[in-house]
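Reading through the structure tokens given below for one structure.
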Amino acid sequence: MKTKRSITILTGLAAFSLIAACTPETTPTTGRSDYATYCADCHGASGKGNGPAAASLSKAPSDLTTLALRNGGTFPSLAAMGKIHGGTMGRSESAMPEFGAILDGKTVLFDAGDGIETPTPWRLVALTKYLQSIQQK
């Protein structure tokens, strides 16, 4: 009986090991890595608007390092999130794709400065915080 139980346990461990070995290793997503994946081609690695795809666009991508400067010294979190997510209120002249479907998922409570914590996709928050970190001083 003890041998049968040991074989069952070993078989289970072997199956678990096989499944674990076949599972692709994932790198945790960060705001910086999402920026590199989704934004850098147009906005450039440093956020200046000079990415490799910028020359092919009819309108130059924004310099993302000056968002706070262009907003009176305050980083416009909600406006940035809206633009990234795709909430442009019907404005379609922008070549900026909507990333809402890609960044949606697990949410975190986020206060955009109005004192109201709102459930917001964590990847959208992380990307916005990364953009805030690259602002010119």
Original post:
Quick one: is Ile7 modelled with pLDDT of 65 or more and β-branched (Val, Ile, Thr)?
Top reply: no
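Which of the helices (runs of 4 or more DSSP H) contained wholly in region 25-137 include at least 3 residues that are touching a residue at least 40 places away in the same chain (Cβ under 8 Å) and aliphatic (A, V, I, L, M)? It would help to see each step written out before you state the result.
Numbers: elements: 31-38, 40-43, 77-85, 100-103, 122-133.
Once the helices (runs of 4 or more DSSP H) in region 25-137 are filtered for at least 3 residues that are touching a residue at least 40 places away in the same chain (Cβ under 8 Å) and aliphatic (A, V, I, L, M), what remains is 77-85, 122-133.
Test Ala126 against the stated conditions and say whether it is hydrophobic (A, V, I, L, M, F, W, C), more than 14 Å from the chain's Cα centre (by Cα) and either surrounded by fewer than 16 Cβ atoms within 10 Å (Cβ to Cβ) or at pLDDT 95 or above (or both).
Working: hydrophobic (A, V, I, L, M, F, W, C): yes; more than 14 Å from the chain's Cα centre (by Cα): no; either surrounded by fewer than 16 Cβ atoms within 10 Å (Cβ to Cβ) or at pLDDT 95 or above (or both): yes.
Criteria not met by Ala126.
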Original post:
Can you name every residue in region 24-38 that is modelled with pLDDT under 95, out of contact with any helix residue (DSSP H, G or I) (no Cβ under 8 Å at 6 or more places or on another chain) and within 16 Å of Trp122 (Cα to Cα)?
Top reply: Pro28
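The values are calculated or read from the model by the stated rules, or taken from the named source; none is laboratory data. All values derive from a computational prediction rather than experimental measurement. All Cβ positions, glycine included, derive from the backbone under ideal geometry; neighbour counts span all protein chains shown.
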